[in-house]
Amino acid sequence: MGFGDLKSASGLKVLNDFLSERSYIEGLPGVKKPLGQYGPAGVADSTSGPAPASKEDDDDDDMDLFGSDDEEDAEAARLKEERLAEYAARKSKKPALIAKSSILLDVKPWDDETDMAKLEECVRSIQMDGLVWGQSKFVPVGYGIKKLQISCVVEDDKVGTDILEEQITAFEDFVQSMDVAAFNKI
(Lines give C-alpha, C1' and ligand atoms only; values in the text may rest on other atoms or scores of the structure.)
Protein backbone atom coordinates (compact mmCIF):
# COMPACT_ATOMS: atom_id res chain seq x y z
CA MET A 1 0.00 0.00 0.00
CA GLY A 2 1.25 3.49 -0.82
CA PHE A 3 1.58 5.98 -3.64
CA GLY A 4 5.16 5.32 -4.56
CA ASP A 5 7.66 8.11 -4.93
CA LEU A 6 5.67 11.37 -5.03
CA LYS A 7 8.67 13.17 -6.52
CA SER A 8 8.45 11.09 -9.68
CA ALA A 9 5.85 11.26 -12.43
CA SER A 10 4.68 7.70 -11.81
CA GLY A 11 4.06 8.38 -8.10
CA LEU A 12 2.08 11.54 -8.88
CA LYS A 13 0.02 9.62 -11.44
CA VAL A 14 -0.87 6.97 -8.81
CA LEU A 15 -1.88 9.73 -6.35
CA ASN A 16 -3.91 11.55 -9.01
CA ASP A 17 -5.74 8.34 -9.99
CA PHE A 18 -6.44 7.60 -6.32
CA LEU A 19 -7.89 11.08 -5.73
CA SER A 20 -9.96 11.02 -8.92
CA GLU A 21 -12.35 8.61 -7.18
CA ARG A 22 -12.16 10.16 -3.70
CA SER A 23 -12.20 13.68 -2.30
CA TYR A 24 -9.67 12.83 0.44
CA ILE A 25 -6.91 10.36 1.18
CA GLU A 26 -8.34 8.85 4.40
CA GLY A 27 -11.29 9.83 6.56
CA LEU A 28 -10.02 9.13 10.09
CA PRO A 29 -9.11 12.45 11.68
CA GLY A 30 -6.37 12.64 14.25
CA VAL A 31 -4.73 9.27 13.45
CA LYS A 32 -1.33 9.71 11.84
CA LYS A 33 0.23 6.90 9.87
CA PRO A 34 3.40 6.74 7.88
CA LEU A 35 2.91 8.02 4.33
CA GLY A 36 3.46 4.57 2.85
CA GLN A 37 0.33 3.18 4.55
CA TYR A 38 -1.99 5.47 2.59
CA GLY A 39 -3.02 4.91 -1.01
CA PRO A 40 -4.10 1.97 -3.17
CA ALA A 41 -3.06 -1.59 -2.49
CA GLY A 42 -0.46 -3.15 -4.71
CA VAL A 43 1.78 -0.10 -5.01
CA ALA A 44 5.20 -0.44 -3.48
CA ASP A 45 5.99 1.91 -0.64
CA SER A 46 9.06 3.93 -1.55
CA THR A 47 8.57 6.68 1.04
CA SER A 48 9.98 4.81 4.01
CA GLY A 49 12.51 7.48 4.95
CA PRO A 50 13.72 10.86 4.01
CA ALA A 51 15.62 11.00 0.75
CA PRO A 52 19.35 11.49 1.14
CA ALA A 53 20.53 14.96 0.22
CA SER A 54 22.35 14.99 -3.06
CA LYS A 55 25.03 17.38 -4.20
CA GLU A 56 22.56 19.05 -6.60
CA ASP A 57 20.17 19.91 -3.74
CA ASP A 58 22.90 21.76 -1.85
CA ASP A 59 23.43 24.45 -4.48
CA ASP A 60 20.30 26.38 -3.43
CA ASP A 61 21.78 27.23 -0.04
CA ASP A 62 23.53 30.29 -1.42
CA MET A 63 20.19 31.88 -2.36
CA ASP A 64 18.66 33.61 0.64
CA LEU A 65 15.04 34.30 -0.24
CA PHE A 66 14.15 36.05 3.00
CA GLY A 67 17.42 37.80 3.66
CA SER A 68 18.28 41.24 2.47
CA ASP A 69 20.95 42.55 0.21
CA ASP A 70 22.62 45.73 1.46
CA GLU A 71 22.83 47.18 -2.04
CA GLU A 72 19.10 46.71 -2.62
CA ASP A 73 18.30 48.15 0.83
CA ALA A 74 20.29 51.27 0.08
CA GLU A 75 18.50 51.66 -3.24
CA ALA A 76 15.09 51.09 -1.61
CA ALA A 77 15.89 53.61 1.14
CA ARG A 78 16.97 56.20 -1.44
CA LEU A 79 13.79 55.62 -3.45
CA LYS A 80 11.67 55.91 -0.31
CA GLU A 81 13.35 59.21 0.63
CA GLU A 82 12.73 60.58 -2.87
CA ARG A 83 9.06 59.66 -2.73
CA LEU A 84 8.65 61.17 0.73
CA ALA A 85 10.28 64.40 -0.48
CA GLU A 86 7.95 64.51 -3.52
CA TYR A 87 4.93 63.92 -1.30
CA ALA A 88 5.98 66.67 1.10
CA ALA A 89 6.49 69.07 -1.82
CA ARG A 90 3.03 68.30 -3.22
CA LYS A 91 1.43 68.63 0.18
CA SER A 92 3.06 71.99 0.86
CA LYS A 93 1.68 73.36 -2.43
CA LYS A 94 -1.90 72.69 -1.36
CA PRO A 95 -3.62 75.68 0.23
CA ALA A 96 -4.50 75.29 3.87
CA LEU A 97 -8.14 74.52 4.59
CA ILE A 98 -9.96 77.69 5.59
CA ALA A 99 -12.70 77.14 8.15
CA LYS A 100 -15.85 78.99 7.13
CA SER A 101 -19.30 79.36 8.62
CA SER A 102 -22.67 80.35 7.25
CA ILE A 103 -24.55 82.63 9.65
CA LEU A 104 -28.19 83.74 9.49
CA LEU A 105 -28.75 86.93 11.48
CA ASP A 106 -32.01 88.45 12.75
CA VAL A 107 -31.70 92.24 13.06
CA LYS A 108 -34.62 93.81 14.91
CA PRO A 109 -35.58 97.48 14.47
CA TRP A 110 -36.90 99.81 17.18
CA ASP A 111 -40.42 100.10 15.81
CA ASP A 112 -42.61 99.96 12.72
CA GLU A 113 -41.50 103.44 11.64
CA THR A 114 -37.84 102.42 11.21
CA ASP A 115 -36.65 102.67 7.59
CA MET A 116 -35.88 98.99 6.85
CA ALA A 117 -34.11 99.77 3.55
CA LYS A 118 -31.76 102.12 5.41
CA LEU A 119 -31.29 99.45 8.11
CA GLU A 120 -30.24 96.88 5.49
CA GLU A 121 -27.95 99.43 3.86
CA CYS A 122 -26.25 100.10 7.20
CA VAL A 123 -25.77 96.39 7.89
CA ARG A 124 -24.34 95.74 4.41
CA SER A 125 -21.98 98.70 4.83
CA ILE A 126 -19.99 96.65 7.33
CA GLN A 127 -16.96 95.40 5.38
CA MET A 128 -14.28 93.10 6.81
CA ASP A 129 -11.72 90.71 5.44
CA GLY A 130 -13.36 87.27 5.52
CA LEU A 131 -16.98 88.56 5.50
CA VAL A 132 -19.33 88.11 2.54
CA TRP A 133 -22.96 89.24 2.79
CA GLY A 134 -25.61 87.03 1.22
CA GLN A 135 -29.33 87.33 0.61
CA SER A 136 -31.75 89.09 2.90
CA LYS A 137 -35.47 89.42 3.47
CA PHE A 138 -37.88 91.22 5.74
CA VAL A 139 -39.81 88.88 8.04
CA PRO A 140 -42.95 90.09 9.86
CA VAL A 141 -42.67 89.98 13.65
CA GLY A 142 -46.04 91.39 14.66
CA TYR A 143 -48.01 94.66 14.92
CA GLY A 144 -46.61 95.81 11.57
CA ILE A 145 -42.99 95.42 12.68
CA LYS A 146 -40.62 93.52 10.41
CA LYS A 147 -37.11 92.24 11.16
CA LEU A 148 -34.23 91.98 8.75
CA GLN A 149 -33.08 88.42 8.20
CA ILE A 150 -29.71 88.44 6.44
CA SER A 151 -27.18 85.70 5.73
CA CYS A 152 -23.43 85.96 5.56
CA VAL A 153 -20.42 83.70 5.16
CA VAL A 154 -17.45 84.34 7.44
CA GLU A 155 -13.96 82.94 7.79
CA ASP A 156 -13.82 81.71 11.37
CA ASP A 157 -10.27 82.95 12.01
CA LYS A 158 -10.99 86.49 10.82
CA VAL A 159 -14.59 87.30 11.79
CA GLY A 160 -16.55 86.31 14.89
CA THR A 161 -20.20 86.74 15.78
CA ASP A 162 -19.31 89.05 18.66
CA ILE A 163 -17.53 91.45 16.29
CA LEU A 164 -20.53 91.38 13.93
CA GLU A 165 -22.92 92.03 16.80
CA GLU A 166 -20.90 95.01 18.06
CA GLN A 167 -20.74 96.59 14.62
CA ILE A 168 -24.42 95.99 13.77
CA THR A 169 -25.74 97.24 17.11
CA ALA A 170 -23.53 100.33 16.70
CA PHE A 171 -26.28 101.65 14.36
CA GLU A 172 -28.36 102.66 17.40
CA ASP A 173 -30.84 104.77 15.41
CA PHE A 174 -32.04 101.72 13.46
CA VAL A 175 -31.10 98.56 15.41
CA GLN A 176 -32.65 97.49 18.68
CA SER A 177 -30.97 94.08 18.86
CA MET A 178 -29.39 91.34 16.82
CA ASP A 179 -29.64 87.56 17.20
CA VAL A 180 -27.91 84.65 15.50
CA ALA A 181 -30.77 82.62 14.00
CA ALA A 182 -28.57 79.87 12.47
CA PHE A 183 -24.88 79.06 12.53
CA ASN A 184 -23.52 76.31 10.24
CA LYS A 185 -19.94 75.26 9.62
CA ILE A 186 -19.07 74.93 5.96
Enter the accessible area of Ser92 (Å², nearest 10), with the probe set to 1.4 Å and all protein chains included. 90
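Give me the percent of accessible area attributable to carbon and sulfur for segment 93-186, probe 1.4 angstrom. Spell out each step's value before the answer.
Numbers: 3050 of 6010 Å².
Percent of accessible area from carbon and sulfur atoms in segment 93-186: 51.
Are any of the pairs Lys7/Lys32; Lys137/Lys158; Lys94/Lys158; Lys147/Lys185; Lys118/Lys185 more than 28 Å apart by Cα-Cα distance, and if so, which?
Lys118/Lys185
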When only DSSP loop residues count, what chymotrypsin sites (Phe, Trp or Tyr not before Pro) in segment 110-142 have their Cβ near at most 15 other Cβ atoms within 10 Å? Trp110
Hey, if you drop one equal point scatterer on each alpha-carbon of segment 106-185 and run the Debye formula without solvent, what base-10 log of I(q)/I(0) do you get at q = 0.18, 0.22, 0.27 Å⁻¹? -0.71, -1.04, -1.50
Just how much of Glu81 is accessible, in Å², when a 1.4 Å probe is used and the result is rounded to the nearest 10? 110
For Met128, Met178, what's the largest-to-smallest order of accessible area, 1.4 Å probe? Met128, Met178
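If you filter segment 128-181 for trypsin sites (Lys or Arg not before Pro), then keep DSSP loop positions with at most 16 other Cβ within 10 Å, what is left?
Lys158
The values are calculated or read from the model by the stated rules, or taken from the named source; none is laboratory data. This one's a predicted model, so the numbers in the text were calculated from it and none came from an experiment. For neighbour counting, all protein chains shown are included, and Cβ atoms are generated from backbone atoms with ideal geometry for every residue, glycine included. Side chains are part of the model used for accessible areas, which takes the heavy atoms of the whole protein and leaves out ligands, DNA and RNA. Shrake-Rupley method; radii C 1.70, N 1.55, O 1.52, S 1.80 Å.
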